[in-house]
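Remarks on the structure that follows.
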Amino acid sequence: MYSFALWLHSLIRWAVVVTGLVAWFRAIGGKTAKRPWTPQDELWGLMLTISADVQLLLGIGLYLLSPITRIAMMNFGGAMQNETTRFFAVEHPALMIIAIALIHIARVRIRKAAEPSRKHGTALVMFGIAMVLIIIAIPWPFMPAPFVARPLLHP
């Protein structure tokens, strides 16, 4: 169960990254070109939200099943001194939860905004910050700590 959830979490990361980058680039283009907020802009924001929410649910399941977080919960003080345990027990989930909260806040503000420029501006800033946090918090294979790094697609 754990290995399947980890594989799925690793796979859906790409949906979050792709939809997030597309939504952000659309916001940049919409803001600079002063174009109206289109159904495609709305769709990419919605797909980002859905993929991030699915990823969050999988992440919560992994957090509860993970041997790393189980070890961390046995001795939280000691876990904070180990960069791998700290990353998976605190840093990764905290940054991802903040990023997903920003995505949801952006979606609400976009719905409430009347002018297209404001919608694009909100998406540009908030989706942009969320994507930076997501990219920082992903355990990429090139990360310096050997036990934090994960493959691009978990086997």
Among Arg70, Arg86, the single one that is charged (D, E, K, R), closer than 18 Å to Ala149 by Cβ and at pLDDT below 95 is Arg86
Yes or no: Ala15 without any contact (Cβ under 8 Å) to a residue 24 or more places away in the chain and either out of contact with any helix residue (DSSP H, G or I) (no Cβ under 7 Å at 6 or more places or on another chain) or aliphatic (A, V, I, L, M) (or both)?
no
Quiz item: Before we move on, is Ile97 over 16 Å from Thr49 (Cα atoms), modelled with pLDDT of 90 or more and β-branched (Val, Ile, Thr)?
Solution: no
If you go through Arg35, Arg109, the only one that is over 19 Å from Pro139 (Cβ atoms), basic (Lys, Arg) and in contact with a Pro (Cβ under 9 Å, 6 or more places away or on another chain) is Arg35
Per the list (1) free of Cβ contacts under 8 Å to residues at least 60 places away in the same chain; (2) surrounded by 14 or more Cβ atoms within 10 Å (Cβ to Cβ); (3) closer than 23 Å to Met1 by Cβ, residue check on Ile138 breaks on (1)
Margin query: For the structure I just gave you, tell me whether Leu48 is modelled with pLDDT of 95 or more, buried (at least 19 other Cβ atoms within 10 Å of the Cβ) and of a type outside the set (Ser, Thr, Tyr).
Written below: yes
Selection from segment 35-78 of residues among the aliphatic types (A, V, I, L, M) and closer than 30 Å to Glu115 by Cβ yields Leu43, Leu46, Met47, Leu48, Ile50, Ala52
The residue from Phe127, Phe142, Phe76 that alone is within 17 Å of the chain's Cα centre (by Cα) and among the aromatic types (Phe, Trp, Tyr) is Phe127
Requested in this report: Answer yes or no as to whether Thr32 is in a helix (DSSP H, G or I) and touching a Leu at 6+ places or on another chain (Cβ under 7 Å).
Outcome: no
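The values are calculated or read from the model by the stated rules, or taken from the named source; none is laboratory data. Computed from a prediction, not measured in an experiment: that's the story for all the values here. Backbone-built Cβ (ideal geometry, glycine too); neighbour counts: all protein chains shown.
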